[in-house]
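Since the structure comes first, as structure tokens, the remarks are kept for the end.
Throughout, read-outs are computed from the coordinates displayed, never taken from laboratory work. Predicted, not measured: the structure shown is a model, and the values here were computed from it. Here the Cβ positions follow ideal geometry from the backbone for every residue, glycine too, while neighbour counts run over all protein chains shown.
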Amino acid sequence: MDPITIGLIIIVALIVLGGAAFVSTRSRGRDLELEPRAGGDTAVLERTERHLDPGDESLSEGDVLVDDRPDDEVDVVVEETPVVDEPIVKPSFFDRLTKARTAFTGYLGGLVGMGKLDDEAWEELEEALIRADVGVATTMSLIEDVQGRAKDAGAEEGHEIVGLLKQRMHEELADRDRSLTIDDGETNVWLFVGVNGVGKTTTIGKLGKRLAAEGHTPLMAAGDTFRAAAAEQLTMWAERTGAEIVRGNEGGDPSSVIFDGVKAAEARNCNVVLADTAGRLQNKTNLMEELSKVRRVAAKEPGHVSEVLLVIDATTGQNGMTQAKVFAEAVDVTGVVLTKLDGSAKGGIVFAIERELGLPVKLVGLGEGVDDLVDFDPEAFVNAMFE
């Protein structure tokens, strides 16, 4: 075979082998690049190349190897999933008041389809409101007003009476200042009072997160020095929310702890002090004296008491009202935090609080989540109870 023929054979062989290698490389590159994600979709993202050994332990799931270089130099393209901040979805009264609504509408359901209400039906309506924790005094006032309106409007049918009752309940909760006060240029102090177990410490923790998200700088003061582990619980909340905290010795003077908290807040440029207090009810006189002292000390310069919030467990019903009255007498309460309203509470407790205590419900707990402590919305509340 002559040299020219041999040369041609070698050239053809090189071309064939080179083409096969190219096809193999492209094929492997496609297999590695198109890493499907869950659901079968292939992500198409902006890619950033970095040179790593394919066996490097720093590679993570989702890394894409592009094998279009020599074996000793492999490009690794890291496919990054963008971080998206999930918006905070506030719980709705309708969704969270299922238990309360079921009980309340169960009492009223029989009236809707009735014709003219007789005396017995009115008595049943009265009983239904009392069983819903509206309270005797508030119930009697509501029924009297609805009867008067029904007479003036000539309303007799059951559905008409229920409509008038809903309207009257809206009015009962209207026109109250439910805002939480933070005065500019002051070291604001919010005192939290109430019996043990109602959720004071948890309320402080949730409010600390909320205030920080709103641009405030809260400091927590562990003024409940008598309950075991109260300071530890509040410390955990402070760490979780990034708030400052001041705590004292177990069994120490609560007033001193809160005063130290106020001074620390001034030094650290914290504009809101969230002050926990003890919830003992063994001796009413001592409790009143202690809370009054705490209130006076918290107001000393540079402290400025802008809120005294009474925390009530909604599931305790009228029993909780009795306890609440003790605290309302002991200190100048500015508003109520009603916890566990999403639980087995009957809902009517809101009306009893506002009528019998003369205090606005400012915050309500609609769940255990950190964002489930929300501003009380009277209109949404009443609508949720009747729908």
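Tabulated data
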quantity: Under 18 Å from the Cα of residue 340 - lysines, other chains or at least 8 residues apart; calculated: 90, 99, 200, 206, 362
quantity: Under-5 Å amide H pairs with residue 114, H placed in peptide plane, nonlocal only; calculated: 158, 159
quantity: Rel. contact order, % - alpha carbon contacts under 8 angstrom, at least six apart, the stretch 174-235; calculated: 22
quantity: Separation in nanometres of the label points that stand 7 Å from Cα toward Cβ, at residue 387 and residue 300; calculated: 5.1
quantity: Alpha-carbon centroids, the stretch 137-156 and the stretch 259-288: separation in whole Å; calculated: 45
quantity: FRET efficiency, 1/(1 + (r/R0)^6) with R0 30 Å, evaluated for residue 178 and residue 123 via beta carbons; calculated: 0.35
quantity: Three principal axis lengths of the stretch 122-170 [C-alpha, angstrom, descending]; calculated: 28, 18, 15
quantity: Table column - 3J(HN,Hα) (Hz), the stretch 249-257, Karplus curve with 6.51, -1.76, 1.60, x for Gly and Pro; calculated: 7, 4, x, x, 6, x, 4, 5, 4
quantity: Karplus 3J(HN,Hα) series, Hz, for the stretch 265-279 with 6.51 cos²θ - 1.76 cosθ + 1.60 (x for Gly, Pro); calculated: 5, 5, 5, 9, 6, 8, 9, 9, 9, 9, 9, 7, 9, 6, x
quantity: Cα gyration tensor, the stretch 187-333 - rounded (a/c under 1.5), prolate or oblate; calculated: prolate
